[in-house]
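The block underneath contains the structure these notes are about, expressed in structure tokens.
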Amino acid sequence: MESLGRTFDISAGIISSAVNNSADVTGKRVSLQDAGGVTIVVVAEAGTAGDDLDLDLKQHTASSGGTTADLDVIDHYYYKSATTLAGTETWTRATQTAASEIVDATGGAGTSAEQQQIVVIEVEAEQLSDGYAYVSLDAVNAGTNNDKLATVLYFLRDLKVQRKPTNMRAPLS
């Protein structure tokens, strides 16, 4: 059996959106009911100085509506960053006091706007508060140049129900 459907599933959070626009970009929600956790991957294009990549992790009680709260569990994350990502970069581990926010996703260096980046955040299903089953990652307005594009993908992992990809349930249901 292939890995897709057996060990992981993929869902979209944000697709190629200007993440430093005049307002926050709200990430789509994904259910962790059938997964042990989610690996959130952010891929961001280089932009203009001062429009650094800021992120905010949320938890939700429903697929839409319901109650939303910050998910203050990010005490570390990983990133690769370069003017132009070439595949030769190594992972850097950034640590912080547990929070839902990541401010300037290159470890607070103040240069994430000018860099291409891959940022990885791990969330375990057991970290959600009682009654919460959904997560999302928002890109927080960090500037006004509107030229930093980013995509957020959710890799649901440790699937509780394994199926071939064409028979999988949608991750939001």
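Sort the stretch 5-81 into rounded, prolate or oblate with this rule: let a ≥ b ≥ c be the square roots of the eigenvalues of the Cα gyration tensor; rounded if a/c is under 1.5, and if a/c is not under 1.5, prolate when a/b is larger than b/c, oblate otherwise. Prolate. Which whole-number percentage describes the relative contact order of the chain, with Cα contacts under 8 Å and a sequence gap of 6 or more? Worked out over the chain, it gives 46 percent. Taking the Cβ of Glu2 as the centre, find all other residues whose Cβ is under 14 Å away and add up their charges (Lys, Arg: +1; Asp, Glu: -1). With Lys, Arg at +1 and Asp, Glu at -1, the neighbours total +2.
For the stretch 154-163, 3J(HN,Hα) computed residue by residue from phi via the Karplus equation (6.51, -1.76, 1.60; θ = phi - 60°) reads 9, 9, 6, 9, 6, 4, 7, 10, 9, 9 Hz, glycine and proline entered as x.
With the biggest extent put first, the Cα atoms of the stretch 54-110 measure 43, 23, 17 Å across the principal axes. For Ala99, the amide hydrogen comes within under 5 Å of the amide hydrogens of Val73, Ile74, Asp75, counting only partners 5 or more places away or on other chains and with H modelled in the peptide plane. Taking GluC sites (Glu not before Pro) in DSSP loop conformation with at most 15 other Cβ atoms inside 10 Å as exposed sites, the chain has its longest uninterrupted site-free stretch at 3-88. In loop segments of the stretch 1-44 as defined by DSSP, the trypsin sites (Lys or Arg not before Pro) with at most 13 further C-beta atoms inside 10 Å of their C-beta are Arg6. Relative to the Cα centre, the charge distribution of the chain, modelled as +1 at Lys and Arg Cβ and -1 at Asp and Glu Cβ, gives a dipole magnitude of about 820 debye.
Largest first, the residues Thr106, Thr83 sort by 1.4 Å accessible area into Thr83, Thr106.
Annotation for the stretch 55-137: chymotrypsin sites (Phe, Trp or Tyr not before Pro) lying in DSSP loop with at most 16 further Cβ atoms inside 10 Å of their Cβ are Trp91.
When the Gaussian network model of the chain links Cα atoms closer than 10 Å, the mean-square fluctuations of Asp51, Asp34, Asp138 top out at Asp34. Using the Stokes-Einstein relation with a Kirkwood hydrodynamic radius computed over Cα pairs, the translational diffusion coefficient of the stretch 1-46 at 37 °C and a viscosity of 0.692 mPa s comes to 254 µm²/s.
Comparing the chain with the 2.2 N^0.38 Å rule of thumb, its C-alpha radius of gyration ratio is 1.02 (two decimals).
The values are calculated or read from the model by the stated rules, or taken from the named source; none is laboratory data. Being a predicted model, the structure only gives us computed values, none of them experimental. We place every Cβ from the backbone using ideal geometry, glycine too, and count neighbours over all the protein chains shown. In case anyone asks, the SASA skips ligands and DNA or RNA and just uses the protein heavy atoms, side chains included. Shrake-Rupley method; radii C 1.70, N 1.55, O 1.52, S 1.80 Å.
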